[in-house]
Amino acid sequence: MAVLEHFLEHSVDSVLETLPPVWDRIRSNLRAAATQGFGISLEQFHILRHIRMGYCHVGDLADKKQISRSAVSQAVDVLARKGLVTRSRESDDRRLVRLELTPYASGAMDANFRENRDWMKKKMGFLSPEEMETIKNAMETLKKVFAGAEN
């Protein structure tokens with residue numbers, strides 16, 4: 001059992017030492033292009049990203065981002081004024097407003113994510129097929145381990 005505990009400790013240390021700086025670098029690249037391209041704050045970019053992912057109501061966004069509805073509403077106001085988000089009523093209930101990215105914002109976000117993927121491919125392009133397969137398998141394993149994990 002001591003050998004298994006050693007491997008477990010080593011694996012946890014490896015994940016904790018590797019994933020945060022890698023993810024920080026990927027996010028930094030993605031954010032810089034997005035915020036500079038749109039002229040918006042990082043928080044506003046996150047709102048766009050979450051709308052793109054299907055969080056299309058202020059309440060949903062507030063819950064997902066764990067911020068107040070008024071903070072989300074203020075960010076959405078700015079994004080709407082910049083022509084990045086549209087609002088539309090979904091029913092007779094005035095409080096239920098659907099948020100959508102404008103075609104411009106959607107296209108720009110798609111381009112931003114493509115650029116980030118290209119940047120990542122350039123960074124990883126020197127890896128051997130075996131190393132790429134190892135990374136893919138490790139990521140699939142981590143996804144399984146942490147999928148749906150609440151705690």
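The values are calculated or read from the model by the stated rules, or taken from the named source; none is laboratory data. Only a predicted model underlies this, so the values are computations on that prediction, with no experimental measurement involved. Ideal geometry is used to build each Cβ from the backbone, glycine not excepted, and the neighbour counts take in all protein chains shown.
Just a few scattered comments:
- Residue check: L142 meets all listed conditions (1) within 29 Å of Q36 (Cβ to Cβ); (2) in contact (Cβ under 8 Å) with a residue 24 or more places away in the chain but one, namely (1).
- So T35, is it touching an Asp or Glu at 6+ places or on another chain (Cβ under 6 Å) and closer than 17 Å to A108 by Cα: no
- Every pair of residues 6+ apart whose Cβ atoms lie under 8 Å, when the first sits in the range 101-117 and is closer than 18 Å to L79 by Cβ while the second is outside any helix (DSSP H, G or I) and hydrophobic (A, V, I, L, M, F, W, C): L101/L84; L101/V85; T102/L84; T102/V85; Y104/L84; A105/L84; A105/V85; M109/L101
- Counting only residues that are more than 23 Å from F113 (Cβ to Cβ) and touching a strand residue (DSSP E or B) at 6+ places or on another chain (Cβ under 6 Å), the range 48-88 holds 2 of them.
- Odd one out for L142 among (1) part of a loop (DSSP other than H, G, I, E, B); (2) of a type outside the set (K, R); (3) under 25 Å from V12 (Cα atoms): (1)
- Any hit, the range 60-83, residues being touching a Ser or Thr at 6+ places or on another chain (Cβ under 7 Å) and either in contact (Cβ under 8 Å) with a residue 24 or more places away in the chain or under 28 Å from L19 (Cβ atoms) (or both): yes
- Any chance T35 is closer than 30 Å to K136 by Cα, modelled with pLDDT of 90 or more and surrounded by 10 or more Cβ atoms within 10 Å (Cβ to Cβ): no
- Qualifying residue in the range 82-96 (condition: farther than 19 Å from F38 by Cα and touching a His at 6+ places or on another chain (Cβ under 8 Å)): yes
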